[in-house]
Each structure stands twice: as structure tokens, then as C-alpha cells.
Amino acid sequence: MARIAVGGFQHETNTFAPTMADYAAFESGGGWPGICFGAGIEAAVAGANIPAAGAIEALHTAGHTTVGLAWAAASPSDRVTRDAYERIAGAMIERLQAALPVDAVYLDLHGAMVAEHHDDGEGELLARVRQVVGERIPIVISLDLHANVTRRMFALADGMVIYRTYPHVDMAVTGARAARLLGDMLATGRRPQRAYHVFDYLTGIPSQCTFIEPCQGIYAYLAGLEEKHGVSLSFAPGFPMADFAECGMSICGYGNENAALQAAMAALRERIEAAEKEFALDLLSPEAALARAMKTGTVGLPTVLADTQDNPGAGGNGDTTGLLAAMLALRAQDAVLGMLIDPPSAKFAHEVGIGNTAEFALGAISGVPGIVPVHKRFKVEALGDGNFVGTGPFYRGFKLHMGPMACLQSVDAPGVRVVLATTKCQTADQEMFRHVGIEPRRQRIVAVKSSVHFRADFQPIAREVLVVKAPGPALADPAEFAWTKLRPGIRLNPLGPRYAG
Ligand SMILES: [Zn+2]
């Protein structure tokens, strides 16, 4: 049985976002477990929907032993600082050197990391790992569906497997698939044939959801091709907010028979090329979305609004105020917005105390141009310490530490409530409302700071889901970003304009 080094370094970089990921961001994890090392990795991720958890469990079940390196993740944001990158990558490499000899390496990576000093964060890390273990030791990685897979990553990894769901309910499952791919390589002593292709157009993240077309159909087709051809296939719609040359959608595949692999890849490529127009987005202004939600949402079956351009899962800081301001102006009823990430207001709410009213200045903490605080009177309805466990399909088993939380009720528009939290985290679990006394199902309108992950827990209770385009840093339409480094000729949205360079 083999001895396998296991590590992880996850960051999804929106190079247009307001704040960078420093070492402290990886220490806190922002919803993920904080940075951990060695044997501590297994304990930190056990039982959670995390790739490393699924991989470690599958490797042990297959009789292999694992050696922990370092595992770290942070909330999506602007680039990983040079200091954080070098400390974390350095710890991984140091521990890998100390662990030699190993039979294989598994890494839990995101695939869209840009560091201050390396545009292709994962490619650089893989090069360093390869340097330590040499050419003969297999390296297999798992990646997020939002990976911008680079030629360097493809060349350096012997195998890559990528999530197939967005919301990512299959993170642990993907880790287990990576472990099986690695196990096959160790059993046969052979590296599989591999193939890779990059597409010519970018897609906005709300349209990448696998609950809806075209991705629902594409992933079903992909699974059918794997079965038919006996190969491993992955599709990464990519993360269209990372300004570097290799940002974009890609597919990759692995198999022992090259002809079968090429046939499967060609079919998948054609299917995705043909789906381009289906990736076009349908977005509503806050006013239009609320006008509709006030008609369709009912207590028991709320209409859910996705404040997609402030998604903390895509580099937003959860502190924009456009949708909240519209809810107040239109005096929505039985309406709640969460989680607004506003540490000073959450702290202030705890000072004001339950049942008391005060003037708050909500949001606009991170300095996104054009975003202003909401200055209004609110009553403090409930308070929480922010410590609870996720129960929805995405955050199930995550021990969440959101810092001081509060539920506020507007004085002028008493039908509107806002849930405040201190630690940046995507609103993708109903417990984030329940922790401060809000049962989402008992609302008519539930607005969430999320693009897609919320759907795993909220779509089952929703009358309908509307994607709202309120001002924020995580632009839903990639054509709106001020790109500087993309590959010339790539279309900036489905059937859209080409990037001139
Ligand atoms: Zn993702």
C-alpha cells in the first residue's frame, strides 16, 4: 500500500475585488477551516463537504497511508499576498521534503488563484511540488468548478478532477474521485493519456449553475461520455473575474486508450461550443426584482433574490447596499436581507441591545466606489455570537464562526429586516438566518449575498429565484470588467464582443 502526501491551498481570486487575501485570511478561513498542518488536516476537515476530507477518507479506505502537508483556504477576494502565498506554499514544500520518500501526492486546489507575484498560483505551486518529488511520482489534484485551468497546471499534474455541481455539493465526492484516479495510477503503475481544451468565450457565474441549463445538461452528457468511453472527463466553466492570460472555460480528460479519450473530448467540446447562447444571462434591476417578488413571494413560499454582484464567494465583501436600499424604499413586506457583512454595525447592535432602537450606518465597509451606507433607524430584534453548524447541502457539517451577528428591523419600513454578520462568508445556508431568529420559509422575500451556492438550501423552499444586478464588485457580466491581460480574441460573454488586447 502506498504512502501519499496530502495538502491543499484554495483561493478563488477576483482581481477586481476590493481586498486581498493575507495570511490572516487563511488563518480564519472565512467559513472554511483555518489553516492546518500535518496530522491536524484530517481532524480539521473530517466530516465536512471538503475535497481533502473525501480524498483522505477514500485513500484510507483503499488501505493507503497519508502524510499531511498544509491545508489552507480563504474567502474569495483580490490576489493572495506574496507573504501568504510564500508562507503557505513554503510550509507545504518543507513538509513534503521532510516526508520523502512518498509514492504519490494529492492536492486539494481551487484552480483560480492569482498571487501578487504569480498570475498562475496553482501552476507555480505544482512546479515546486514536481521539483521536490521528481518526474516519476504521480501528482493528482482536485479543482473547483470555477478553475481557470492553465497549460502549466495541465502539464504538471498527472490527473485533475473537477467538481460537477454548482452549488458545489460534491466537493468531498470530487476528492474521493481524485483518490480513485490516483489509486488506479498506483495500481497499474501507468500514467493515463491526457487531453485538454480551452474555449473561446467567457460566461457569467450565475449562468454556470448546474440546477439550470445549459450546465445541467452538459454535466449529464459528460457523465454519459465517461461511461461510454471508459475515461475521466472534467469541465471547468472557469472564474471570469481573474484578469490573467489564461482566464476561461476548459475541459480535460484522462484515459488509458487515446482514441477513446479523443472521441470523448471531441464530443464534449462540441456540446459546450453549441451551448454558448444558452449561457446568456437574465438579470433584473433591484426595483424590477422587488416589484416582481412583492407579487410572487408568499409566507411559506418566499421569492429568493440573489444579490449576485456582491457575492462573497466571488470576491464581494457582502457589504453593498443597493438591494437593501431598494427594499427599504419600496417598503417590502416580510422581507429580509442577509448576511450584510458589517463588523462595526454588528458590534454596535450588541451595544444597543435587544428591543432598543438606534441610528445605524449599514454597509459600505470595503470602499467599493459608488457604494454608500444606509443611514436609517433600526430596532435590534435579535443577537447571536455567530457560532453554529451549517445544515444545508453546501455548508453541511461546517462549523461556522461568523462573529457577532444581529437581526435588525427597519423603523421606517417595518416589513424589512437585515441580518448582520462580522466574518465575511457567503449566505448559502438557512442557519445564517435562523441563528438570529429568522425562519426563511416564514418570509415573503429573502435576499441573499450569493450568486448560486444559496440555491442548494434555498431553492427547495422558494417560489422562484431571481438574479439581481445591484451595484457591486463581482460583476455578473464579464464584458463589464476592465480587463488588461486576457488572451486576445476571447469573447467577453456568450456570443459577445471579442477582447482586443
Ligand atoms: Zn466555485
Taking Gly8, is it within 16 Å of the ligand (Cβ to nearest atom), assigned to a strand (DSSP E or B) and not β-branched (Val, Ile, Thr)?
yes
I'd like to check something: does segment 196-205 contain any residue that is open to solvent by less than 10 Å² (accessible area, probe 1.4 Å) and more than 16 Å from the ligand (Cβ to nearest atom)?
yes
Considering only segment 241-265, how many residues are open to solvent by 10 Å² or more (accessible area, probe 1.4 Å) and free of Cβ contacts under 8 Å to residues at least 40 places away in the same chain?
3
Kindly list, by first and then second residue, each pair from a residue in segment 303-330 that is assigned to a loop (DSSP other than H, G, I, E, B) and open to solvent by 10 Å² or more (accessible area, probe 1.4 Å) to a residue that is small (Gly, Ala, Ser) and at pLDDT below 95, limited to pairs with Cβ atoms under 6 Å and residues at least 6 apart or on different chains.
Asn317/Ser366
If you check Ala364 against the conditions, is it open to solvent by less than 10 Å² (accessible area, probe 1.4 Å) and either touching a His at 6+ places or on another chain (Cβ under 7 Å) or in contact (Cβ under 8 Å) with a residue 24 or more places away in the chain (or both)?
no
Mind listing just one residue for me: the one in segment 219-240 that is within 23 Å of Thr150 (Cβ to Cβ) and out of contact with any strand residue (DSSP E or B) (no Cβ under 8 Å at 6 or more places or on another chain) and, of those, surrounded by the fewest Cβ atoms within 10 Å (Cβ to Cβ)?
Pro237
Answer yes or no as to whether Glu135 is open to solvent by 20 Å² or more (accessible area, probe 1.4 Å), out of contact with any helix residue (DSSP H, G or I) (no Cβ under 9 Å at 6 or more places or on another chain) and either not in a loop (DSSP other than H, G, I, E, B) or not small (Gly, Ala, Ser) (or both).
yes
Of the residues that make up segment 180-190, is at least one away from the ligand (no atom under 16 Å from the Cβ), within 25 Å of Gln208 (Cβ to Cβ), among the hydrophobic types (A, V, I, L, M, F, W, C) and open to solvent by 20 Å² or more (accessible area, probe 1.4 Å)?
yes
When the residues of segment 140-151 are filtered to those that are assigned to a loop (DSSP other than H, G, I, E, B) and in contact with a Gly (Cβ under 8 Å, 6 or more places away or on another chain), which remaining residue is farthest from the ligand (Cβ to nearest atom)?
Thr150
List the strands (runs of 3 or more DSSP E) inside segment 412-484, counting only whole elements, that have at least 1 residues being away from the ligand (no atom under 16 Å from the Cβ), over 23 Å from Asp282 (Cβ atoms) and of a type in the set (A, V, I, L, M).
416-421
Only one of Ala112, Ala147 is touching a strand residue (DSSP E or B) at 6+ places or on another chain (Cβ under 6 Å), under 18 Å from Thr484 (Cβ atoms) and surrounded by 19 or more Cβ atoms within 10 Å (Cβ to Cβ). Can you tell me which?
Ala112
Considering each of Gln443, Gln426 in turn, give the residue that is under 15 Å from Gly31 (Cα atoms) and polar (S, T, N, Q).
Gln426
Residues being within 12 Å of the ligand (Cβ to nearest atom) and not acidic (Asp, Glu) - total across segment 152-173
9
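Residue-by-condition table, conditions (1) at pLDDT below 95; (2) over 21 Å from the mean Cα position of the chain (by Cα):
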| residue | (1), (2) |
| --- | --- |
| Thr19 | yes, no |
| Ile41 | no, no |
| Ala48 | yes, no |
| Val67 | no, yes |
| Pro76 | yes, no |
| Ala84 | no, no |
Which of the residues belonging to segment 219-256 are among the small types (Gly, Ala, Ser) and assigned to a loop (DSSP other than H, G, I, E, B)?
Gly230, Gly238, Ala242, Ala245, Gly248
So Met92 ticks every box in (1) within 16 Å of the ligand (Cβ to nearest atom); (2) buried (at least 22 other Cβ atoms within 10 Å of the Cβ) but one. Which box is left unticked?
(1)
Whether any residue in segment 2-19 is among the aliphatic types (A, V, I, L, M) and open to solvent by 30 Å² or more (accessible area, probe 1.4 Å) is what I want to check.
no
Residues of segment 206-218 classified as open to solvent by less than 30 Å² (accessible area, probe 1.4 Å) and in contact with a Ser or Thr (Cβ under 7 Å, 6 or more places away or on another chain), total
2
Of the listed residues (Ala43, Ala25, Ala58), the one being more than 24 Å from Ile162 (Cα to Cα), assigned to a helix (DSSP H, G or I) and of a type outside the set (Asp, Glu) is Ala25
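The values are calculated or read from the model by the stated rules, or taken from the named source; none is laboratory data. Fair warning: this is a prediction, and the values are worked out from it, not measured in the lab. FYI the Cβ positions are ideal-geometry reconstructions off the backbone, even for glycines, and counts take in every protein chain you see. The protein model used for the area step is the full one, side chains on, heavy atoms only, and it has no ligands, DNA or RNA in it. Shrake-Rupley method; radii C 1.70, N 1.55, O 1.52, S 1.80 Å.
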